[in-house]
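Take a look at the following structure, please.
Laboratory data are not the source of any read-out in this text; all were calculated from the coordinates shown. Owing to the predicted nature of the structure, the values given are computational and were not obtained by experimental measurement. Here Cβ is always computed from backbone atoms with ideal geometry, including for glycine, and neighbour counts include all displayed protein chains.
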Amino acid sequence: MMPSAFYIAVGAYAAIGLLFGAAFISVGLARFDAAARSAGAMVRLLLLPGAAALWPILAVLWLGRRGGAA
């Protein structure tokens, strides 16, 4: 019972991370870092696993910047 719940939680985290990572590298990366505006598709694909793994931290930072105070 416990291992299956763990695998479901890890799978949900990975799925949300991939969805967020795709949105972040396509839209949010240019807003987050000015130097990344000129990043090519291969660089963005290299950043996808990191964005997917660290999606909770990046989401907080991205939403904080969207508020306008910086």
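Suppose we filter region 5-27 for residues that are out of contact with any Lys or Arg (no Cβ under 6 Å at 6 or more places or on another chain) and within 20 Å of LEU46 (Cβ to Cβ); how many remain?
Step one: list which residues in region 5-27 are out of contact with any Lys or Arg (no Cβ under 6 Å at 6 or more places or on another chain), which gives 5-24, 26-27.
Filter once more, keeping what is within 20 Å of LEU46 (Cβ to Cβ): 14, 17-24, 26-27.
Looking only at that region, the number is 11.
For region 29-37, does any single residue satisfy the condition of being surrounded by 15 or more Cβ atoms within 10 Å (Cβ to Cβ), within 16 Å of the chain's Cα centre (by Cα) and more than 17 Å from GLY64 (Cα to Cα)?
yes
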